[in-house]
Amino acid sequence: MLQPLQRISIVAYTLIIVAILILAMVFGKSLLAPIAIAALLAMLLTPVMEKLMSWNIPRVLAAIMSLMLVVLFMAGVFSLVSVQAYSFVDNYEELKNSANSRVEELMGFVQSNSNYSRAELETAANDGVNEMLTTVKNKAGGIFSATTQGMTNFFLSFIYTLLFLLYHKRIKRAFIKFASKDNQDEAAKTLDKISKVAPQYLFGKLMLITFLAICYSIGLSIIGVKYGVLLGIIAAFLSIIPYIGNLIGGLMPMAMVLITSKEMWPIFAIMGLFAFVQFIESYFLEPLIVGGKVSINPMASIVGVVVAGGIWGIPGMIIAIPYMGIVKILCDQVDRLEPVSILIGDSKDDGWIEQKSNKLVEWIKAKFKK
């Protein structure tokens, strides 16, 4: 009789802890969000800093140089997006006129194939546009406030990242001390595994997003989609949300084609581009770069991204999947947390395509080892 009660108490304690964590994340967003982002960056940059230190570079300088790599990468992405965004703003009136022309054509088509009058269709269209503009106006103040808060969190994250890099060994020893003396060796091994696997996982995901951004941008530019680079980069970052992100990322360039062109072949070309790139990324590059050490199933990924987005907004959506991967690594090392690993992990049986792609990946790895 004690064993069922013990299990019930464990479940109850777990739910209480989860509830406390969620409340802390909600009310401590301004404090915890920059720290959470900084912890990920620190795990990603620690191997880089240690490599620089092996070249007899002082720890402080190595940490600053590692952080500058992230700054340069983000500056490059921001420059590309800014150029496209400025071009979009400059051509806004042209796009607006083109969109109005397409709306007129659509209204004419609906009028000729339905019982609605021209006046009814124009009234419905005007009401929709006015409602959208009212929503944008009401949200303008909130957007400015969110942008200001985002810039503050951005600089705080870099400060915290530098501190994590400088004191990561001390922090690691402190976490080990939380475990009992009998379990400290096991805790140290678990942290070592996380410190090795997590940076590989984070760096692999970053490489995949970069690959998608390059392929989408080049492909959309070749097809002739306006602002193809901007839409390609956005689609690549949206891919962090399984299925939904890829769908939204593909619909945006299709909508741009509908607004700016009367031809239909670019839409089919975009569908083919996204399907081909996703096939290569899912079945070949992801097993090769990220590997099978950390794999989150689509259901857990979508739920995690939605929940994190509801709590922390866009930063929460970005860091949700990496943190779920780290949680899975931790759960794999703790027997009591194995059910959580099974719940969020992805252990589907390999089909014919997976088997062939795995053989190719193993062959490539063998060639690199030689």
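All of the numbers you see were taken from the coordinates with simple rules; none came from a lab. These numbers come from a predicted model, not from an experiment. Counting neighbours? That spans all protein chains shown, and the Cβs are built from the backbone with ideal geometry, glycine included.
Using the Cβ-Cβ distance between E186 and I314 with R0 set to 51 Å, the FRET efficiency works out to roughly 0.85.
Here E338, E281 are placed in order of increasing Cβ neighbour count within 10 Å, fewest first, which gives E338, E281.
Phi angles across region 172-180 convert, under the Karplus curve 6.51 cos²θ - 1.76 cosθ + 1.60 with θ = phi - 60°, into 3J(HN,Hα) values of 4, 5, 5, 5, 5, 5, 5, 6, 5 Hz, Gly and Pro given as x.
Pull up all non-local amide H partners of G345: gap of 5 or more, or a different chain, and H-to-H distance under 5 Å with H placed in the peptide plane. Under 5 Å from the amide H of G345: N297. Each of E286, E50, E263 was scored by other Cβ atoms within 10 Å of its Cβ. Arranged with the fewest first, they read E263, E50, E286. Working from label points 7 Å from Cα in the Cα-to-Cβ sense, the I57 to L258 distance is 4.9 nm. Applying 0.36 nm per residue to the separation of V71 and Y167 and subtracting their alpha-carbon distance, the gain on full extension is 32.5 nm. 3J(HN,Hα) couplings calculated from phi for region 21-27 with the Karplus curve 6.51 cos²θ - 1.76 cosθ + 1.60 (θ = phi - 60°) are, in sequence order, 5, 5, 4, 5, 5, 5, 7 Hz; Gly and Pro show x.
Applying 1/(1 + (r/R0)^6) with r as the Cβ-Cβ distance of E338 and V303 and R0 = 25 angstrom yields a FRET efficiency of 0.80. Computed extension gain for A174 through A19, at 0.36 nm per residue and net of the alpha carbon distance, reaches 53.3 nm. In order along region 297-304, the phi-based Karplus estimate (6.51 cos²θ - 1.76 cosθ + 1.60, θ = phi - 60°) of 3J(HN,Hα) comes to 6, x, 4, 5, 5, 5, 4, x Hz; Gly and Pro are listed as x.
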